[in-house]
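The values are calculated or read from the model by the stated rules, or taken from the named source; none is laboratory data. Model, not experiment: these values are computed from the prediction. Neighbour counts are summed over all protein chains in view; Cβ atoms, including those assigned to glycine, are modelled from backbone coordinates with ideal geometry. When the accessible area is computed, the model is the full protein with side chains, heavy atoms only, and any ligands, DNA or RNA have been set aside. Shrake-Rupley method; radii C 1.70, N 1.55, O 1.52, S 1.80 Å.
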Amino acid sequence: DLPIAVGILLASEQVSADLSRAGLVGELSLDGQVREVTGLLPMAAAAREQGLTTLYVPEPNAAEAALVQGLEVIPVKSLASLVGHLHGYAPIQPFKGLIIDDTPPVYPVDFRDVKGQEHVKRALEVAAAGAHNVLMSGPPGAGKTLLARAVPSILPHMSLEESLVATKIYSVAGMLPSDTPLIRYRPFRAPHHTISYAGLVGGGHVPRPGEISLAHRGVLFLDELPEFGVKLLEMLRQPLEDKQLTIARSSGSLTFPANFMLIAAQNPCPCGWYGDPVKECTCSPAMVSRYQKRISGPLLDRIDIHIEVPRVEYEKLSDDRLGEPSAAIRARVEAARQRQRRRFEGTHLLTNADMGPAEVREYCPLDEAGRSLLRAAMQQLQMSARAYHRILKLARTIADLAGSDKIQ
């Protein structure tokens, strides 16, 4: 609305101004107020790429637009105030004062609050260090959801580049909080299994990002994984492989980034107590088999770590001692990520999970003992080629956490 209105004012010579290097964005209400819009950050980035130097935006969007360096951002309250600015009798001051807060974010769940489950914490530390996907399986109440919610607290703090991409996605989706021009937290998205296809993947008449893209550079947590529809689960295979998501429409196709850590949780059977040493399972063998087969082999093959989460004993629950804090685990994860950044310098790769077969061959050599062990495992367990590469990528991450150049 705003550029159309200003275009009419210029064409009718009610206003005289040189706006050849300026862009205008905004909706107009009937009383002439300029209302905020969604997707302002990517618009501002596109304006700068087109060589524009000034951007007139709704006042509530000014902080968001100011994230793009090299643009003079003019916050506009109303059409009347903009006319006054263009005539020169009531100039609007450019937006200043956006200071990016460098204080580390505080996450609601910390690993020190999780009692027991040391082997699961270790698995999640390895997963965070290499950005690997995880499937947790165990009875109800064992702590799967709590453990998943604690994972963002051990991931490295977001770089400015990662924050800008995440902010663009939330801006386009219309979910950027008005008091948060820049997202500094690792996203944690936990959609319910009743979510629609468009809600998870994205879509609509004007396609908007779904939960998968909103989890970019963070965690996508799918609780009760077998309860999600088959169509939804099979659709996950493309973003897990390509780290992006394409939505095709008759008018064209849109690609959204989707580089996330998948953490999934499931019960071992419909009642949840199959294999539990204390509580008896009430499901028939056929029910258990049918329940577990809801997740296809190709999807399971794309999940790097499969871990059992047993019930927590009373002694551990009642123990007053706190576990290792997330900050200590995050320091080890960041050191491992730093090794990966140095290794992949000059490539498009960021983490070990991003490696393809060529990179696995180059960066994951095994000694003779490792080769013989893996050969025996491949023959006895009848693993796929993807599983073979997955094991090597995980081994590379464990070696990085140990500070070792060689996989042992």
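Compared with the dominant Cα axis of the chain, that is its longest principal axis, helix 160-172 is turned about 70°. Give the carbon-plus-sulfur fraction of the accessible surface of the chain in %, rounded to a whole number; probe 1.4 Å, heavy atoms of protein chains only. Accessible surface attributable to carbon and sulfur in the chain totals 53 percent.
The Cα center of the range 299-359 and the Cα center of the range 360-397 differ in position by 19 Å. In the chain, the longest principal axis of the Cα atoms and the axis of helix 368-381 are about 80 degrees apart. The dipole here belongs to the range 123-222: it is taken about the Cα centre, uses +1 on the Cβ of Lys and Arg and -1 on the Cβ of Asp and Glu, and is about 100 debye.
Hey, what angle do you get for helix 385-401 against the long axis of the chain, alpha-carbon based, 0 to 90 degrees rounded to 10? Roughly 80 degrees, rounded to the nearest 10. Peptides 120-131, 305-316 ranked from most to least packed by the mean count of surrounding Cβ atoms within 10 Å: 120-131, 305-316. About the centre of its Cα atoms, the range 304-357 shows a dipole size close to 420 debye [charges on the beta carbon of Lys, Arg (+1) and Asp, Glu (-1) only; nearest 20 debye]. Across the chain, C-alpha contacts under 8 Å between residues 6 or more apart give a mean separation that, scaled by the residue count, equals a relative contact order of 16 percent. Amide H contacts for residue 24 (H built 1.01 Å from N in the peptide plane; partners 5 or more residues away or on another chain; cut-off under 5 Å): 56. Helix-only arithmetic for the chain: the sum of -39500 (n - 2.57) across DSSP H runs with n ≥ 4, divided by the residue total, places the mean residue ellipticity at 222 nm at -11000 deg cm²/dmol.
Net charge of the neighbourhood of residue 69, taken over other residues with C-beta under 14 Å away and scored Lys/Arg +1, Asp/Glu -1, is -2. Each peptide in 372-379, 238-245 receives the mean, over its residues, of other Cβ atoms within 10 Å, and ordering these scores from highest gives 238-245, 372-379. Candidates 268, 328, 2 compared by Cα position along the dipole of the chain: farthest toward the positive end lies 268, with charges placed on Cβ. Dipole orientation for the chain: of the candidates 380, 190, 233, 380 has the Cα lying most toward the positive pole (charges on Cβ; Lys, Arg +1; Asp, Glu -1). Counting only DSSP beta bridges with both residues in the range 1-147, the antiparallel share comes to about 25 percent. On a per residue basis, the chain carries 51 Å² of accessible surface, using protein heavy atoms and a 1.4 Å probe. Springs between Cα atoms under 10 Å define the GNM used for the chain, and in it the highest mean-square fluctuation of 107, 388, 89 occurs at 89.
With a ≥ b ≥ c taken as the square roots of the eigenvalues of the C-alpha gyration tensor of the range 302-379, please select rounded if a/c is under 1.5 and otherwise prolate if a/b is larger than b/c or oblate if it is not? Walk me through the numbers before you get to the answer.
Numbers: a/c = 2.79, a/b = 1.49, b/c = 1.87.
Verdict is oblate for the range 302-379.
Computed from point charges on the beta carbon alone (+1 for Lys and Arg, -1 for Asp and Glu), the dipole magnitude for the chain about its Cα centre is near 1100 Debye. Amide H contacts of residue 222 (H built 1.01 Å from N, in plane; Pro and chain starts excluded): 263, 264, 265 sit under 5 Å, all sequence-distant by 5 or more or on other chains. Here's the picture: charge each Lys and Arg Cβ at +1 and each Asp and Glu Cβ at -1 in the chain, and of 310, 25, 51 the one pushed furthest to the positive end of that dipole is 310. When Rg and Dmax are taken over the Cα atoms of the chain, they come to 25.5, 84 Å.
Please state the relative contact order of the range 224-327 as a whole percent: Cα pairs under 8 Å, 6+ residues apart? Write out the running numbers ahead of the final one.
Values: 83 pairs, mean separation 26.6, N = 104.
Computed value for the range 224-327: 26 percent relative contact order.
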